[in-house]
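Only one structure is covered here, and it is reproduced in the block below.
The values are calculated or read from the model by the stated rules, or taken from the named source; none is laboratory data. Treat the numbers as computed from the prediction; the structure is a model and nothing was measured. Neighbour counts are summed over all protein chains in view; Cβ atoms, including those assigned to glycine, are modelled from backbone coordinates with ideal geometry. Surface areas here come from the heavy atoms of the whole protein model, side chains and all, with no ligands, DNA or RNA. Shrake-Rupley method; radii C 1.70, N 1.55, O 1.52, S 1.80 Å.
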Amino acid sequence: MSIAGVVLAGGRSLRMEQNKALLSFEGQRLLDHMASLLESVHLPVYISGGDAQYSSFPDGIPFQGPLYGIYNCIQQLHKLAYTAALFVPVDMPLLTTRVLLTLIEEKNNYDAVYYSQYFLPLFVTFTSSVLDHVTNNFPYLNSGKSLRSFIQEKHSHQLQIDGFSRTVFTNVNTPEDWNRLVGCL
């Protein structure tokens, strides 16, 4: 299986009031931190939304949400002969290598693998079912499709978060979220 790592970084960061990908975390841009996390599990890194320092897939239609970015990346990565991808959001800086490796290890014959209560990070295998779904629903997702509906429509496997602190799934969307996070480090 040829797996790519993808940082989802195409949003407007409206609630944060600045580009989350550029926030400084442990001495580097949050985007670089998340890319390093994917590299730590030996995956080639791609950015959904674009960045000059990485191989990127700019959104054809900007600001359509994470599902649009995932669909766009699946199409592009499939053309590059990848057979699966691990998607991480740019705004979950406390994710760990172990969290990601567990997703990869649990991929067995599933279209998607994720943790209970959290749709991201997400491991997607490019099965014929996934590729057909993406082709039939992309690029216009105004039909009310959500990441939840994608996962529920596919042969997915939900992992329990036993053994992981909920803290690792902390998502920062607002300046208050960010201040709480960096204040605890």
Worksheet entry | Label-point separation, C184 to S24 (7 Å along Cα→Cβ), nm | 2.2 nm
Worksheet item: Which shape class, rounded, prolate or oblate, goes with the stretch 1-50 when its Cα gyration tensor gives a ≥ b ≥ c as root eigenvalues, a/c under 1.5 marks rounded, and past that a/b bigger than b/c marks prolate?
Response: oblate
Worksheet item: Can you work out the base-10 log of I(q)/I(0) for the stretch 1-105 at q = 0.15, 0.19, 0.21 1/Å, using the Debye formula on its C-alpha atoms alone?
Response: -0.57, -0.92, -1.12
Worksheet item: Going from most exposed to least, what order do K20, K107 have by accessible area with a 1.4 Å probe?
Response: K107, K20
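Quick one: if the Förster radius is 30 Å, what FRET efficiency do D162 and K79 give, using the C-beta to C-beta distance and rounding to 0.05? Before the final figure, lay out each step's value.
Details: r = 38 Å, r/R0 = 1.25.
Using R0 = 30 Å, I get an efficiency of 0.20.
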Worksheet item: Got a sec to turn the phi values of the stretch 24-33 into Karplus ³J(HN,Hα) couplings, 6.51 cos²θ - 1.76 cosθ + 1.60 with θ = phi - 60°, whole Hz, x for Gly and Pro?
Response: 8, 9, 6, x, 9, 4, 4, 4, 5, 4
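Pairs of Cα atoms under 8 Å, at least six residues apart: use those to get the relative contact order of the chain, whole percent.
Values: 303 pairs, mean separation 45.6, N = 185.
It rounds to 25 percent for the chain.
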Worksheet item: Summing -39500 (n - 2.57) over the DSSP H runs of n ≥ 4 in the chain and dividing by its residue number, what mean residue ellipticity at 222 nm do you reach, to the nearest 500 deg cm²/dmol?
Response: -9500 deg cm²/dmol
Worksheet item: Ignoring ligands, DNA and RNA, what percent of the 1.4 Å accessible area of the stretch 14-114 is carbon and sulfur?
Response: 50 percent
Response to the item:
Given a 1.4 Å probe, the accessible area of the chain per residue, as a whole number of Å², is 48 Å²
Worksheet item: Which of the aspartates and glutamates could be linked to K20 by a straight reach, that is with a Cα gap under 15 Å, when you skip same-chain ones fewer than 8 residues away?
Response: D32, D51, D91, E176, D177
